[in-house]
């Protein structure tokens, strides 16, 4: 597949989604204690946790879907909709917040045309707010995947995106 959009279209078709879910779960024995590793494996394979995957995990371990979903929603590492190719994280911990992290978040939301927790229509970027990235001396901090941008000002939002994807 050439793009994330094509992948989402195919996954929504059902057959590929079922095959990928089965592949991700093939290494497990079907024990309830495996629920979190199963969720992680499916998300690593597909990129998010579609309803069908939650249902298949529930069936495999003999647990109600609501309990599997409840487990997944407890942890912020799990996503229930397709994610962008790149993840933009804005730190809003104390140091970053005090130094204008919220202004940076608002600038990125305007630039990307989405709110925190959403993904752009072209699936290039997902935007998240995080509590701390451990780089308080560089506050406010933005991370694009593993790239750290420190002392970011709101007027630099577009430049951060451009450095991550020249087509922006």
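Under the condition of being in contact with a strand residue (DSSP E or B) (Cβ under 8 Å, 6 or more places away or on another chain) and within 19 Å of residue 84 (Cβ to Cβ), the residues counted in the range 121-140 number 8.
From the list 151, 83, which residue is in contact (Cβ under 8 Å) with a residue 12 or more places away in the chain and within 30 Å of residue 17 (Cβ to Cβ)? From the options 151, 83, the qualifying one is 83. Among the residues here, residue 56 does not qualify as surrounded by fewer than 17 Cβ atoms within 10 Å (Cβ to Cβ), without any contact (Cβ under 8 Å) to a residue 60 or more places away in the chain and not assigned by TED's automatic domain parsing to the domain that holds residue 153. Looking across the range 30-49 at every residue that is in a loop (DSSP other than H, G, I, E, B) and at pLDDT 95 or above, the one that is nearest to the chain's Cα centre (by Cα) is identified as 49.
Taking residues in the range 121-141 that are not assigned by TED's automatic domain parsing to the domain that holds residue 160, and partners anywhere that are surrounded by 17 or more Cβ atoms within 10 Å (Cβ to Cβ) and assigned to a strand (DSSP E or B), not one pair has Cβ atoms closer than 6 Å while being at least 6 places apart or on different chains.
Considered as a group, the residues in the range 68-80 that are surrounded by fewer than 17 Cβ atoms within 10 Å (Cβ to Cβ) and touching a residue at least 12 places away in the same chain (Cβ under 8 Å) include one that is farthest from residue 119 (Cα to Cα), and that residue is 75.
Residue 108: surrounded by 17 or more Cβ atoms within 10 Å (Cβ to Cβ), in the same structural domain as residue 144 (by TED's automatic domain parsing) and on the phi < 0 side of the Ramachandran plot, yes or no? So residue 108 passes the test.
The values are calculated or read from the model by the stated rules, or taken from the named source; none is laboratory data. Quantities reported herein were computed from a predicted structural model and do not represent experimental measurements. Note: ideal-geometry Cβ built from the backbone for every residue, glycine included; neighbour counts use all protein chains shown.
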